[in-house]
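The structure under discussion appears below in the form of structure tokens.
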Amino acid sequence: MSLTPDEIRTHLEALRGRDLPTHGGHTLAYVYDSGLASADAIGREVLAAFSSTNGLDPTAFPSLLAMENDLVGIAGRLVDAPDGFAGVVTSGGTESILLAVLAARDGRPDVAAPRMVLPTTAHAAFHKAAHWLGVEPVFVDVDPVTKRAVPEAMAAAIDDRTLLVVASAPSYAHGVIDPVEPIAAAASAAGVRCHVDACIGGWVLPHLRATEPDQLPWTFAVPGVTSLSLDLHKYAYTPKGVSVLLHASAALRRTHLFASARWPGYTMLNTTAQSTKSGGPLAAAWAVVHHIGAEGYAGLARTAREATLDLATAVSGIPGLSLAAEPDSTLLSLTTDGSCDVFTISDEMLARGWYIQPQMRFGDLPATLHLTFSAATATASDRIGRDLADSTAAARASGPVPVPAELVAAAGSLDPATLDDAAFDGLLALAGLGDGAGGLALPERMAPLNALLDALSPELREAILLGVIDRLARPSA
Ligand SMILES: Cc1ncc(COP(=O)(O)O)c(C=O)c1O
């Protein structure tokens, strides 16, 4: 039976009722809200207008090629790209990173067992690239206080199998800019590529340079930087599905372009991972970028940055809570002193209408709370500060979530490499997450589950969460 448009609207509205809000500044991860109704409106209009166009063939849809070249040009100028640079528009930061690693790998066919050197704080998209592309990741610890990559240690990790060195501007987890100058210099001295992951900072940090001239350098102006990723669906405030990958030269890009004429159909010619790709996100990004404009972005960047710094100041007055790192951009990373845990604070904030993201401990790095500030969040930073103080007080009153030792022992005895369905069901039941029928029942409060996961090894966390997503993603009856 088909549904009428009104029935569809009603149904989707009900479904969306359970989603986090994308606008209004209450969701401090995943979404970016400029607070500009006209930017949202033109983005939506153009997204719909171009949704059926296909970026597969630029001669069939030259409008898409023109908009892509324009956006790549704007992005390049923002990050000091040299003459002769080249780029592509991708579907997101992860795709940009996958392509950067692919280009580096295929640019060095002489290296039989390739490696890339990256700080432990580099985004997990590099782990995915390593996994998919058969490039061994060599992780280098960051400074325990600043949470920045340590250039000497990065340089020491480069060997004759290294084909890529990575730095972040800023890192997602701690919001700090790595010292790109010495890292890129070490890469260049070794004759290897250096990728700067500015997925989250690329559209905001350049707009802060006028007011913060001491910002650590991280763009193509730094000698040795060969590629750089920056996402438009983050701080360019465009609809989701748009990132830019830039290379210092067209020759460096060449190795992630792909053509196949070895079949009887059309010659497949791709610059990115997708083949058929909707022109909607690209066109919407073009529209929003030109609507907001450079001055508009500078204002939005300053607004988000000031709110970040205001909240950082407020945190210094909240007992039990502190900054995990000094913020270089518009992200905050907070940690506790042991009187409470970040997971309970996250739940308490959600109950007060704010989503702030819990991040688990990793190695010597403590569990943290992540806050991404959008321009729209800025107007609420006083309220966030007050609610964060109340949430932390509540979390201190209840103390850290107890993690039953027998549960940790039971989970710890599992081998993540061989965790089968039966063992996983047993674990779900132990953790109180089973629905009794091999399915999953997610709890109202996530702190007990997060605290348990936090107590386990990253490998076990991965195995358990893969089991969770596997059970969540099943066809509805
Ligand atoms: C620094 C950094 N790199 C890469 C990514 C991955 O981007 P995406 O989620 O668009 O794939 C993110 C996402 O937050 C990020 O912050």
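Details
- At the residue level, Ser227 shows approximately 10 square angstrom of accessible surface with a 1.4 angstrom probe and all protein chains present.
- Segment 117-133 residues near the modelled Ala473 label - backbone nitrogen below 16 Å, point 7 Å along Cα→Cβ: 125, 128-129, 132
- Within segment 245-266: backbone nitrogen closer than 20 Å to the Asp57 label point (7 Å, Cα to C-beta): 258-266
- Accessible surface, the chain, averaged per residue in Å² (probe 1.4 Å): 45 Å²
- Sequence-separation-based contact order of segment 405-472, relative, with Cα cut under 8 Å and 6+ spacing, percent: 40 percent
- Here the scattering of the chain is modelled by Debye summation over its C-alpha atoms, one equal scatterer each and no solvent; at q = 0.09, 0.10 Å⁻¹ the log10 of I(q)/I(0) is -0.66, -0.83.
- Simple spin-label estimate for Ala437 and Ala294 gives 6.0 nm between the two label positions (7 Å along the Cα-to-Cβ direction from each Cα).
- Among 202-213, 112-123, 464-475, the order from most to least packed when residues are scored by Cβ within 10 Å on average: 112-123, 202-213, 464-475
- Annotation: extensible slack from Glu306 through Ala393 equals 28.8 nm (criterion: 0.36 nm per residue apart, minus Cα-Cα distance).
- Relative contact order of segment 130-272, pairs being alpha-carbon contacts under 8 Å that are 6 or more residues apart, as %: 16 percent
- Placing dummy labels 7 Å off each Cα toward the beta-carbon, the span from Asp70 to Glu45 is 1.5 nm.
- The separation of segment 179-219 from segment 76-112, counted between C-alpha centres, amounts to 15 Å.
- Between Thr276 and Arg18, the contour length at 0.36 nm per residue exceeds the Cα-Cα span by 89.7 nm.
- The packing ranking, built from the mean of other Cβ atoms within 10 Å per residue, places the peptides 43-53, 259-269 in the order 43-53, 259-269, highest first.
- Qualifying lysines (Cα of each under 24 Å from Cα of Lys277; at least 8 residues distant if same chain): Lys128, Lys234, Lys240
- One quarter of the convex hull surface built on the alpha carbon atoms of segment 283-342 amounts to 5.4 nm², the projected area averaged over directions.
- FRET efficiency, 1/(1 + (r/R0)^6) with R0 22 Å, evaluated for Asp80 and Ala153 via beta carbons: 0.25
- Distance between the modelled labels on Glu326 and Ala351, one decimal in nanometres: 3.6 nm (7 Å Cα→Cβ projection).
- Accessible area of the chain belonging to carbon and sulfur atoms, whole % at 1.4 Å probe: 58 percent
- Convex hull of segment 46-288 built on C-alpha atoms - directionally averaged projected area, nm²: 13.3 nm²
- Taking every protein chain into account, the 1.4 Å probe leaves Phe343 with about 10 Å² of accessible area, to the nearest ten.
- Computed on the chain, with alpha-carbon pairs under 8 angstrom and 6+ residues apart, the relative contact order is 18 percent.
- Ranked order, His127, His195 - accessible area, probe 1.4 Å, largest first: His127, His195
The values are calculated or read from the model by the stated rules, or taken from the named source; none is laboratory data. Note that the structure is a prediction, hence the values are computed from the model and not measured. So basically every Cβ, Gly included, is an ideal-geometry build from the backbone, and we count neighbours across all protein chains shown. The accessibility values were calculated without ligands, DNA or RNA, using every heavy atom of the protein model including side chains. Shrake-Rupley method; radii C 1.70, N 1.55, O 1.52, S 1.80 Å.
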